[in-house]
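**Student:** Structure provided below as structure tokens; questions to follow.
The values are calculated or read from the model by the stated rules, or taken from the named source; none is laboratory data. Just so we're clear, the structure is a prediction, and the values are computed from it rather than from any experiment. Every residue, glycine among them, receives a Cβ derived from its backbone with ideal geometry; neighbour counts consider all protein chains shown.
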Amino acid sequence: MDNKKTENFSEWYLELVQKAELMDYAPVQGTMAIRPRAYFVWEQIQRFLDCRFKEAGVQNAYFPMFVPESLLKKEAEHFAGFVPEVAWVTHGGNEQLGERLALRPTSETIMYTMYSKWVSSHRDLPLKLNQWCNIIRWDTKTLKPFLRTREFLWQEGHTAHATKQEADGQVKQALDWYRQVCEELLAIPVLQGKKTDAEKFPGADYTTTIEAIMPDGKALQCGTSHQLGQNFAKIFNIRYKTESGGEEYAWQTSWGVSTRLIGAVAMLHGDDRGLVLPPKIAPLQVVIIPIYKTEEDKALTTLASQRHAVALQAAGLSVLVDDSDRTPGWKFNEWELKGVPVRIEIGVKDLAKTGATIARRDTGFKEFYIDDAVLEKVKSLMDEIQENLLQKARLFAQEHTHAVENLEELREALEIRKGFAKAAWCGDPRCEEAVKEETGATIRLVPFDSKEGGKCVYCGKRGKETIYLAKSY
């Protein structure tokens with residue numbers, strides 16, 4: 001790696017995602033190709049979430065990516081929130097279309113048009129659908145691979161319920177799924193809470209979110225879950241007959257995570273040698289490198305490497321024996337760059353002691369183990385490395401969360417110490433907007449256990465809520 005993480009974070013990240021073969025720039029500005037190494041991570045996220053969705057009765061479906069302009073305009077607040085980012089189709093072949101078609105910036109309108117056809121009775125509820133799809137947002141802000149691109153992949157769950165209580169429960173459940181995928185799979189610790197009215201999803205009653213702090217001190221929104229109330233149901237006429245014979249509008253939710261989580265993994269865990277992948281999402285968990293000088297030594301070390309590979313694969317691990325003609329040093333650097341959690345080195349000296357040297361990617365620590373101990377040690381390292389990355393990230397988040405009491409302390413936390421600033425807020429949106437204008441930071445969330453007390457970080461009046469502020473991507 002030419003750039004250093006602590007010296008030029010932005011350039012380091014751009015170099016990392018390309019050299020580690022996570023992505024490559026595509027011909028259209030703001031788009032990228034997701035390479036197999038990164039798509040594997042996305043597949044693990046899909047598997048983790050999809051089984052939880054299905055256990056909760058959520059079914060996968062697919063809806064068109066073309067959204068007629070008239071549908072988007074049916075929900076004025078929702079439409080206004082996305083207009084600056086909409087990409088439009090105006091021609092089909094050489095013919096101009098009678099109505100512009102939006103390439104979906106999100107799918108509420110197209111999906112709820114169908115929901116209005118499918119929901120008529122209380123027996124049709126709850127309706128819980130999810131789709132894995134691509135999203136187009138013609139963003140003009142600073143573009144960055146995975147974190148902000150004009151096309152990205154995500155899942156979006158959309159549910160309809162008979163009561164507000166059921167919908168509230170779904171919002172909470174979805175947010176907890178996202179906390180789990182971040183912390184248990186990706187080793188990314190997150191904060192949970194609600195967005196302010198100014199930051200909530202357009203058209204929602206309220207929005208819940210999980211947020212993580214990145215190494216440059218900026219917050220990254222990792223997932224959101226929205227209580228849509230009956231707002232969309234009234235616009236799209238999603239009504240059902242109750243058991244008593246009356247008629248009610250459905251209560252709805254929507255929730256999603258995207259491929260920006262791949263960028264979060266690279267940013268948070270990577271180092272100056274390259275990518276560092278938690279074992280649970282590593283496409284290759286173990287690389288075995290035979291080290292030799294003569295053809296005779298090559299045969300012996302390669303045979304020993306293959307024996308260990310067979311045992312590790314039988315234990316369910318993904319393993320590669322790199323017996324290419326590259327030098328050992330080149331191989332070490334290459335697999336460290338690509339984030340392989342464990343490297344096993346087998347040279348003539350290791351053979352003489354009937355063992356192998358095991359190196360951890362997360363700490364760089366190397367140690368010799370006899371052959372009989374290699375399998376169990378590598379298996380235990382999978383859990384140890386996964387947990388170490390999570391705890392290291394947790395410590396970083398704790399060290400970069402600063403309690404502040406006024407605007408001066410907030411500026412210092414954001415510009416010098418960097419990270420989350422924890423403060424009190426009077427609840428006045430004018431203070432929220434003033435802080436945003438004067439510092440560039442937004443209220444990332446109001447924690448669920450928010451309490452009154454302290455003085456508002458901006459106006460000094462009594463604080464009604466605890467908030468976390470940060471600059472963000």
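**Student:** Is it true that some residue in the range 381-393 is farther than 10 Å from GLY217 by Cα, under 20 Å from the mean Cα position of the chain (by Cα) and acidic (Asp, Glu)?
**Tutor:** So far as the range 381-393 goes, yes, one or more of its residues are farther than 10 Å from GLY217 by Cα, under 20 Å from the mean Cα position of the chain (by Cα) and acidic (Asp, Glu).
**Student:** What's the total number of residues in the range 222-232 that are surrounded by fewer than 22 Cβ atoms within 10 Å (Cβ to Cβ), in a strand (DSSP E or B) and not small (Gly, Ala, Ser)?
**Tutor:** Of the range 222-232, the ones surrounded by fewer than 22 Cβ atoms within 10 Å (Cβ to Cβ) are 229-231.
After this cut, where a residue has to be in a strand (DSSP E or B) as well, the list is 229.
Filter once more, keeping what is not small (Gly, Ala, Ser): none.
Here the count works out to 0.
**Student:** Determine whether the range 243-258 contains at least one residue that is assigned to a strand (DSSP E or B), at pLDDT 95 or above, crowded, with 21+ Cβ neighbours inside 10 Å and of a type in the set (Phe, Trp, Tyr).
**Tutor:** Checked against the condition, which is being assigned to a strand (DSSP E or B), at pLDDT 95 or above, crowded, with 21+ Cβ neighbours inside 10 Å and of a type in the set (Phe, Trp, Tyr), the range 243-258 yields at least one hit.
**Student:** If you check ALA356, ALA352, ALA311, ALA299, which single one turns out to be surrounded by 17 or more Cβ atoms within 10 Å (Cβ to Cβ) and of a type in the set (A, V, I, L, M)?
**Tutor:** Values: ALA352 fails: surrounded by 17 or more Cβ atoms within 10 Å (Cβ to Cβ); ALA311 fails: surrounded by 17 or more Cβ atoms within 10 Å (Cβ to Cβ); ALA299 fails: surrounded by 17 or more Cβ atoms within 10 Å (Cβ to Cβ).
After ruling out the rest, the residue left standing is ALA356.
**Student:** Could you list all residues from the range 349-381 that are of a type in the set (A, V, I, L, M, F, W, C) and either touching a residue at least 12 places away in the same chain (Cβ under 8 Å) or outside any loop (DSSP other than H, G, I, E, B) (or both)? Steps first, answer last, please.
**Tutor:** Residues of the range 349-381 of a type in the set (A, V, I, L, M, F, W, C): 351-352, 356, 358-359, 365, 368, 370, 373-375, 378, 381.
Scanning the range 349-381 gives LEU351, ALA352, ALA356, ILE358, ALA359, PHE368, ILE370, ALA373, VAL374, LEU375, VAL378, LEU381.
**Student:** Taking the residues in the range 141-187 that are closer than 22 Å to ARG394 by Cα and part of a loop (DSSP other than H, G, I, E, B) as candidates, determine which candidate is modelled with the lowest pLDDT.
**Tutor:** Among those residues, the one meeting the criterion is LEU147.
**Student:** Filter the range 360-386 for residues that are in contact with a helix residue (DSSP H, G or I) (Cβ under 9 Å, 6 or more places away or on another chain) and aliphatic (A, V, I, L, M) and give the result.
**Tutor:** Matches in the range 360-386: VAL374, LEU375, VAL378, LEU381, MET382, ILE385.
**Student:** List every residue pair whose Cβ atoms sit under 9 Å apart, with the two residues 6 or more apart in sequence or on different chains, where the first one lies in the range 453-473 and is more than 18 Å from ARG430 (Cβ to Cβ) and the second, anywhere, is modelled with pLDDT under 95 and β-branched (Val, Ile, Thr).
**Tutor:** TYR473/THR142
**Student:** Would you please name the residue that is surrounded by the fewest Cβ atoms within 10 Å (Cβ to Cβ), looking only at residues in the range 271-284 that are within 17 Å of PRO145 (Cβ to Cβ) and over 15 Å from the mean Cα position of the chain (by Cα)? First the steps, then the outcome.
**Tutor:** First, pick out the residues of the range 271-284 that are within 17 Å of PRO145 (Cβ to Cβ): 274-275, 277.
Still in the list and also over 15 Å from the mean Cα position of the chain (by Cα): 274-275.
Working: GLY274: 22, LEU275: 25.
Within the range 271-284, the match that is surrounded by the fewest Cβ atoms within 10 Å (Cβ to Cβ) is GLY274.
**Student:** Another question about this same structure. Just to be sure before I move on: is VAL41 crowded, with 18+ Cβ neighbours inside 10 Å, in contact with a strand residue (DSSP E or B) (Cβ under 7 Å, 6 or more places away or on another chain) and assigned by TED's automatic domain parsing to the domain that holds PHE146 in the structure I sent? Quick ask: steps written out before the conclusion?
**Tutor:** On the way: crowded, with 18+ Cβ neighbours inside 10 Å: yes; in contact with a strand residue (DSSP E or B) (Cβ under 7 Å, 6 or more places away or on another chain): no; assigned by TED's automatic domain parsing to the domain that holds PHE146: yes.
Criteria not met by VAL41.
**Student:** I need the full set of residues from the range 301-348 which are free of Cβ contacts under 8 Å to residues at least 12 places away in the same chain and either in contact with a strand residue (DSSP E or B) (Cβ under 8 Å, 6 or more places away or on another chain) or outside any helix (DSSP H, G or I) (or both), in order please.
**Tutor:** GLN313, GLY316, SER324, ASP325, ARG326, THR327
**Student:** Another question, then. Could you tell me which numbered condition ILE235 fails, if it satisfies all but one of (1) assigned to a helix (DSSP H, G or I); (2) among the β-branched types (Val, Ile, Thr); (3) at pLDDT 95 or above?
**Tutor:** Just one mismatch for ILE235, condition (3).
**Student:** Any idea which residue in the range 1-46 is modelled with the highest pLDDT, counting only those that are small (Gly, Ala, Ser) and part of a helix (DSSP H, G or I)? Spell out how you get there, then give the answer.
**Tutor:** From the range 1-46, those small (Gly, Ala, Ser) are 10, 20, 26, 30, 33, 38; that's our starting set.
Cutting the leftovers down to part of a helix (DSSP H, G or I) gives us 10, 38.
On the way: SER10: 95, ALA38: 98.
Filtering the range 1-46 for residues that are small (Gly, Ala, Ser) and part of a helix (DSSP H, G or I), the one modelled with the highest pLDDT comes out as ALA38.
**Student:** I want to confirm something. Restricting to the range 368-415 and keeping residues that are among the β-branched types (Val, Ile, Thr) and either surrounded by 15 or more Cβ atoms within 10 Å (Cβ to Cβ) or touching a Pro at 6+ places or on another chain (Cβ under 9 Å) (or both), which single residue is farthest from LYS471 (Cα to Cα)? If you could, list the steps in order and put the result at the bottom.
**Tutor:** Taking the range 368-415 as the starting set, the residues that turn out to be among the β-branched types (Val, Ile, Thr) are 370, 374, 378, 385, 401, 404.
Within this subset, residues satisfying the condition of being either surrounded by 15 or more Cβ atoms within 10 Å (Cβ to Cβ) or touching a Pro at 6+ places or on another chain (Cβ under 9 Å) (or both) are 374, 378, 385, 401, 404.
Values: VAL374: 45, VAL378: 40, ILE385: 30, THR401: 13, VAL404: 15 Å.
Among those that are among the β-branched types (Val, Ile, Thr) and either surrounded by 15 or more Cβ atoms within 10 Å (Cβ to Cβ) or touching a Pro at 6+ places or on another chain (Cβ under 9 Å) (or both), it is VAL374.
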